[in-house]
Amino acid sequence: PTVSDESVLSATSRAGLSADSFAATVMVNQLARAQSSYSAVVADRTAAVGAGTMTLTVGGVAKAITIGATNNSLDGLADAINASGAGVTASIIADEGGHRLILKGPSGEANAFTLTADAGADPGLAAFATGGGMTQGQSAANAEFTIDGVAFSRASNIIDDVVPGMSLTLKKAAPGQPVDIGASRPLDMIKQTV
């Protein structure tokens, strides 16, 4: 594949690409993003945050996050989220005066997530609810792009199912900036191989 602007997107060939016979114009309007949320600074990551259950919902699928005597800490909460299998990654970063809990979901608009404290949970867990104590750093979004004027939306920035025989990797949003893609036959390599 050939690409007129590698800073916007790149292309790799797969089985089925017809060399010398493909040409298209791509415009990348928006990149796919994953939702991220972060908590306020917690002074001691091993101190109790509150016991009870929370519900982590990703794309309409709910998972229970249980905090009890054995994992009642910021570390325990992060481990419980990571072990839930919901697809949300929890990490703890050092910040001035303590630590923050960072949550990041899978990319794509449909993979936005919520974390809520269930009824009966200790009030401290509300500080880690996405609709309460946590701040959204970035919203989930789909990649939005056009190929020859036809609009497409995908949850990932790696596009394998639009151009036959070609995989596109979107690198940056460039609305109004067309990028030409095509295919050329590697004649020198073919001659050398023969």
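Observations
- In order along the stretch 162-179, phi translates into HN-Hα couplings of 10, 9, x, x, 9, 10, 9, 10, 7, 10, 7, 6, 9, x, x, 10, x, 10 Hz, rounded to whole numbers, per the Karplus curve 6.51 cos²θ - 1.76 cosθ + 1.60 with θ = phi - 60° and x for Gly and Pro.
- Multiplying each eigenvalue of the alpha-carbon gyration tensor of the stretch 67-115 by 5 and taking the square root yields semi-axes of 21, 15, 7 Å, largest first, rounded to whole angstroms.
- Range in the chain, longest, excluding exposed trypsin sites (Lys or Arg not before Pro) [loop by DSSP; at most 13 other beta-carbon atoms within 10 Å]: 15-171
- Normalised alpha carbon radius of gyration of the stretch 78-163 [divisor 2.2 N^0.38 Å]: 1.42
- For GluC sites (Glu not before Pro), the sites in the stretch 85-189 that DSSP calls loop and that have at most 11 other Cβ atoms within 10 Å are Glu96.
- Per residue, the convex hull volume that the Cα atoms of the stretch 1-70 enclose (Å³): 232 Å³
- Per residue solvent-accessible surface (Å²) - the chain, probe of 1.4 Å: 50 Å²
- Net lengthening on full extension, Thr70/Ile147 (0.36 nm per residue, minus Cα-Cα): 22.4 nm
- Portion, in percent, of the accessible area of the stretch 1-137 that falls on carbon or sulfur, probe 1.4 Å: 51 percent
- Debye log10 I(q)/I(0) for the stretch 44-90, one point scatterer per Cα, at q = 0.19, 0.25, 0.27 Å⁻¹: -0.54, -0.85, -0.95
- Each principal axis of the Cα cloud of the stretch 127-169 was evaluated for its coordinate range; sorted largest first, these ranges are 48, 19, 11 Å.
The values are calculated or read from the model by the stated rules, or taken from the named source; none is laboratory data. Computed from a predicted structure; not experimentally measured. Note: ideal-geometry Cβ built from the backbone for every residue, glycine included; neighbour counts use all protein chains shown. Calculation scope for accessible area: heavy atoms of the full protein, side chains included, ligands and nucleic acids excluded. Shrake-Rupley method; radii C 1.70, N 1.55, O 1.52, S 1.80 Å.
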